[in-house]
1. Looking at the range 163-188 only, could you name the residues that are more than 10 Å from V148 (Cα to Cα), of a type in the set (A, V, I, L, M) and surrounded by 13 or more Cβ atoms within 10 Å (Cβ to Cβ)?
2. Just to be sure, is D156 in contact with a strand residue (DSSP E or B) (Cβ under 9 Å, 6 or more places away or on another chain), modelled with pLDDT under 80 and surrounded by 11 or more Cβ atoms within 10 Å (Cβ to Cβ)?
3. Any residue in the range 173-190 that is under 19 Å from G138 (Cβ atoms) and outside the structural domain of R56 (by TED's automatic domain parsing) sitting within a Cβ distance under 8 Å of a residue that is of a type in the set (K, R) and surrounded by 15 or more Cβ atoms within 10 Å (Cβ to Cβ)? List the pairs, counting only those 6 or more apart or interchain.
4. Name the one entry in G138, G123, G176 that is at positive phi, at pLDDT below 75 and not charged (D, E, K, R).
5. Considering only residues that are small (G, A, S), within 19 Å of S16 (Cα to Cα) and surrounded by fewer than 16 Cβ atoms within 10 Å (Cβ to Cβ), which ones fall in the range 69-100?
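The values are calculated or read from the model by the stated rules, or taken from the named source; none is laboratory data. Being a predicted model, the structure only gives us computed values, none of them experimental. When we count neighbours, we look across all protein chains shown, and the Cβ atoms used for this are built from the backbone with ideal geometry, even at glycine.
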Amino acid sequence: MTTYNKDTLTAIANVSPAELERIVREGDKYEGDASNKLICLRRNRPGDYYATVLSRFVAEKLFNAQAFANVNEKRRLLRLFTAVPQMGAARGWLFEAYAHNRFSSSSSTAAGITVYPLGPVPGASEKYRADFDSPITGLPFPLVHREVRVYNKPSDFLDNPATPTYHMPSAKNITGFDSFLITETEAYIF
């Protein structure tokens, strides 16, 4: 496993956006070492293939690789995976990684994040949901580089919220919310 992990991380570090796109789009013709480390090419029947990312680990490492450091390259990677229906799980992994990256780092490109206010659920006084009929607004906080603090359970932050910090869960199945951001004046829950 040590050798396989090293080879996989090397393939991630060396892949270009163009090569990854070629692997996914031309899987039936692709010949190269990167495909068996990053992308699983599956054949349903002769002439009918599809590609999917190997694992959540590979997806997240790809997303954070130097080749995808630019926010536009990250979006290109997300669009590439959107084009392949079998990459549904990988799209979720990548979107989550994208959101964590956007909320914890600075960028000159603020587009791509839409904010909807919460509105009460009719007939349920203590429940709220996104109000998709209201006007959308820009982000209420700046996209700046923030320290990322990983928590194991939501109560981990009660004693010391570490302002301004982006809090990200270690588990992928936290109930109620995923990550949160505390600024000098407010808390944002995602």
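1. Within the range 163-188, I174, I182 meet the criteria.
2. Details: in contact with a strand residue (DSSP E or B) (Cβ under 9 Å, 6 or more places away or on another chain): yes; modelled with pLDDT under 80: yes; surrounded by 11 or more Cβ atoms within 10 Å (Cβ to Cβ): yes.
When the stated conditions are applied, D156 passes them.
3. So the pair list comes out as L181/R146.
4. Working: G138 fails: at positive phi; G123 fails: at pLDDT below 75.
Among G138, G123, G176, only G176 is at positive phi, at pLDDT below 75 and not charged (D, E, K, R).
5. Passing the criteria: A69, A83.
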